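Undergrad: The structure is given below, and queries will be raised subsequently.
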Amino acid sequence: MKVCFITSECAPFVKTGGLADVSGSLPEALTSNGVNVKVFLPLYDVVDTKKFGIVKLVDFPPAFVEIGDEKREFCIHSYKKNENLEFHFVDCPYYFGRGIVYTNDKDENERFIMFQHAVLKSLQYLQWQPDILHCNDWQSSYIPAMLKLQYSWDKLFENSKTILSIHNIGYQGIFEPDTVRKAGFGDSCFVLGGPFEFNGNANFLKTGIFYSDVVSTVSPKYAEEITTSEFGSGLDGVLRARKDNIRGILNGIDTIEWNPLTDKLIPKNYSYKNPEDKKYNKEKLLQKAGFDDETDIPLYGIVTRLAWQKGIELIIELCEKTKSENFRLIVLGSGEKEYEEKLTALSIENPGKIKVFLGYNNEFAHLITAGSDFFFMPSRYEPCGLNQMYSLNYGTVPIVREVGGLADTVTDISNEKEGNGITFRDFVYEEFEQAFHRSRKLFEDTKQMEKVIQRGMKNDFSWEKSAGEYLRLYESLKQN
């Protein structure tokens, strides 16, 4: 099985969000199942080629991509991790030498048109015939259409199948209509209501949904949600038309980095067999945050982008309306100015209850995950989510809204056999506050709390499990 994995970012080389984690972990997990994987991504100038041993393919000939009326030259750099896993970087300083990964420049569409053509031209040069081309988000969403409308003459791709993974449907790659022509598609492709047109503009993601053989998302629940008007971001109709070809596969987590038994960033390691050692991490977290180290008060943690998606206003309202309640909250994150200012003001008003740390610190994030009793994730929507899985791994009980991957990973404690967290359904304050009060009662019931913690810590969120599901999907496509 040969898989070409196409992504706009990939850990550890370059990361802005969760896509990089998936791109860094899934291909490696696939190779453990005997899959031969080539990962393609742009060579941004922020990638440290010396650190990672990324070198230019010296025998790669001068190559060009036509973008409308312009020609842009590119070459390929590579890093081979093992016999079955190789990373190829599309080097075009004109487009990728801008000091950042994503831009608001007027030619942002051209940057990823060029990237996608360069991937296919590189495969042609390498004469590497993929069984699967696994595209990710809008930055590689034109590839399924390119294969069917522009590269169909090449027998190299005649048996190749395409998958488009949607990591967050809110990001679609919407640009002016001329984008379609610049990508090399004929003027006849851009018609009202067609696969390339969306409200008068070009939409990369819509085109990918239409032309890919299968659409996948990062959790089973999110696969259902994006076909509804509430969560589909305007593409729900297109997705409903393809509902028989949509699959939801839950992302895994890095169980080497996020493992309380081996984590070098926390004061004391522990497992589900000795969760009492978790209390030592709580003491150290309280001290680092500036609280006294009294551990019999419930401690809530948040590590997040302070963004509308994350339901931050529910947390702010909770802090404002429960000032008489005996609990503590630690917030780590940054984002929208309104949320930063309101949370900071609350911490100033309530220094013995709320501590807010703006920005991101990986070591502190690990300590909050290990030391907190509960972890808040009251998201408006959450395609997959990772922090709830980290929390479960660390015996920190998540409090989440039943959406996307949160619903797929967190089972409410009302289920006495499988309950590993506290959930609420609708995005309304009253339900969130009720979930908070239920957590207070759980904290007081130490025996029940211990059972919930142990259930969570025994869950398997490894990439090996997710990779197995992807492999089965690949094999079913190959057979069709």
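The values are calculated or read from the model by the stated rules, or taken from the named source; none is laboratory data. Computed from a predicted structure; not experimentally measured. Note that each Cβ is placed from the backbone with ideal geometry, even for glycine, and that neighbours are counted across all protein chains shown.
Undergrad: Kindly check whether there is at least one residue in the range 34-51 that is closer than 26 Å to W463 by Cα, at pLDDT 95 or above and hydroxyl-bearing (S, T, Y).
TA: No: the range 34-51 contains no residue that is closer than 26 Å to W463 by Cα, at pLDDT 95 or above and hydroxyl-bearing (S, T, Y).
Undergrad: What are the residues in the range 151-165 that are among the hydroxyl-bearing types (S, T, Y) and part of a loop (DSSP other than H, G, I, E, B), if any?
TA: Y151, S152, S160
Undergrad: Yes or no: the range 239-259 includes at least one residue that is surrounded by 20 or more Cβ atoms within 10 Å (Cβ to Cβ), farther than 25 Å from R472 by Cβ and of a type in the set (V, I, T).
TA: There is no residue in the range 239-259 that is surrounded by 20 or more Cβ atoms within 10 Å (Cβ to Cβ), farther than 25 Å from R472 by Cβ and of a type in the set (V, I, T).
Undergrad: Condition check: touching an Asp or Glu at 6+ places or on another chain (Cβ under 8 Å), at positive phi and of a type outside the set (D, E, K, R). Does G34 satisfy that?
TA: For G34, the condition - touching an Asp or Glu at 6+ places or on another chain (Cβ under 8 Å), at positive phi and of a type outside the set (D, E, K, R) - is not met.
Undergrad: For the range 429-445, indicate whether the set of residues that are farther than 25 Å from Y270 by Cβ, surrounded by fewer than 19 Cβ atoms within 10 Å (Cβ to Cβ), in contact (Cβ under 8 Å) with a residue 40 or more places away in the chain and assigned by TED's automatic domain parsing to the domain that holds C319 is non-empty.
TA: yes
Undergrad: Among the numbered criteria (1) touching a helix residue (DSSP H, G or I) at 6+ places or on another chain (Cβ under 8 Å); (2) surrounded by 15 or more Cβ atoms within 10 Å (Cβ to Cβ); (3) closer than 26 Å to V428 by Cβ, which one does R305 miss?
TA: (1)
Undergrad: Same structure, new question: Name every residue in the range 98-114 that is of a type in the set (K, R) and either touching a strand residue (DSSP E or B) at 6+ places or on another chain (Cβ under 9 Å) or surrounded by fewer than 12 Cβ atoms within 10 Å (Cβ to Cβ) (or both), in order of residue number.
TA: Correct list: K106, R111.
Undergrad: Could you tell me which of the residues G395, G405, G352 is modelled with pLDDT of 95 or more, assigned to a loop (DSSP other than H, G, I, E, B) and outside the structural domain of T16 (by TED's automatic domain parsing)?
TA: Answer to the check: G395.
Undergrad: Turning to a different aspect of this structure: Would you please list the contacts, defined by Cβ atoms under 7 Å and residues six or more apart or on different chains, that run from a residue in the range 90-117 that is farther than 18 Å from C75 by Cβ and at pLDDT 95 or above to a residue that is part of a loop (DSSP other than H, G, I, E, B) and among the acidic types (D, E)?
TA: From the range 90-117, the pairs are G99/D45; V101/E9.
Undergrad: Can I ask one more? Within the range 7-32, take every residue that is polar (S, T, N, Q) and within 16 Å of S140 (Cα to Cα) and give me the one that is surrounded by the fewest Cβ atoms within 10 Å (Cβ to Cβ).
TA: S8
Undergrad: Could you tell me which residue of the range 189-246 is nearest to D426 (Cα to Cα), considering only residues that are of a type in the set (D, E) and in a helix (DSSP H, G or I)?
TA: E225
Undergrad: Moving to a separate point now. In the set S78, S23, which member is assigned to a helix (DSSP H, G or I), closer than 25 Å to L164 by Cα and among the hydroxyl-bearing types (S, T, Y)?
TA: Testing whether each residue is assigned to a helix (DSSP H, G or I), closer than 25 Å to L164 by Cα and among the hydroxyl-bearing types (S, T, Y) leaves just S23.
Undergrad: On the given criteria, is A289 under 22 Å from the mean Cα position of the chain (by Cα), among the hydrophobic types (A, V, I, L, M, F, W, C) and surrounded by 15 or more Cβ atoms within 10 Å (Cβ to Cβ)?
TA: no
Undergrad: Condition (residue is over 18 Å from F291 (Cα atoms) and over 27 Å from the mean Cα position of the chain (by Cα)) applied to the range 323-340: is it met by at least one residue?
TA: no
Undergrad: So, in the range 36-46, of the ones that are among the β-branched types (V, I, T) and crowded, with 23+ Cβ neighbours inside 10 Å, which residue ends up farthest from F89 (Cα to Cα)?
TA: Going through the qualifying residues, I end up with V37.
Undergrad: Here is a further query. Taking the condition of being farther than 19 Å from I453 by Cα and polar (S, T, N, Q), how many residues in the range 255-304 meet it?
TA: Number satisfying all stated conditions: 2.
Undergrad: Of everything in the range 65-89, what is surrounded by 15 or more Cβ atoms within 10 Å (Cβ to Cβ) and without any contact (Cβ under 8 Å) to a residue 24 or more places away in the chain? Give them in sequence order.
TA: Across the range 65-89, the qualifying residue is only C75.
Undergrad: Examine the range 366-388 for a residue that is among the β-branched types (V, I, T), in a helix (DSSP H, G or I) and within 25 Å of D296 (Cα to Cα), and state whether such a residue exists.
TA: Among the residues of the range 366-388, at least one is among the β-branched types (V, I, T), in a helix (DSSP H, G or I) and within 25 Å of D296 (Cα to Cα), which makes the answer yes.
Undergrad: If I filter the range 266-274 for residues that are crowded, with 20+ Cβ neighbours inside 10 Å and among the small types (G, A, S), do I get at least one hit?
TA: Within the range 266-274, none of the residues are crowded, with 20+ Cβ neighbours inside 10 Å and among the small types (G, A, S).
Undergrad: Mind checking which residues of the range 121-151 are closer than 19 Å to F64 by Cα, among the hydrophobic types (A, V, I, L, M, F, W, C) and buried (at least 22 other Cβ atoms within 10 Å of the Cβ)?
TA: Once the filter is applied, which keeps residues that are closer than 19 Å to F64 by Cα, among the hydrophobic types (A, V, I, L, M, F, W, C) and buried (at least 22 other Cβ atoms within 10 Å of the Cβ), the range 121-151 yields L123, I143, M146.
Undergrad: Can you find, within the range 408-426, the residue that is modelled with the lowest pLDDT among those that are in a loop (DSSP other than H, G, I, E, B), farther than 26 Å from R247 by Cα and not acidic (D, E)?
TA: In this case the residue turns out to be K417.
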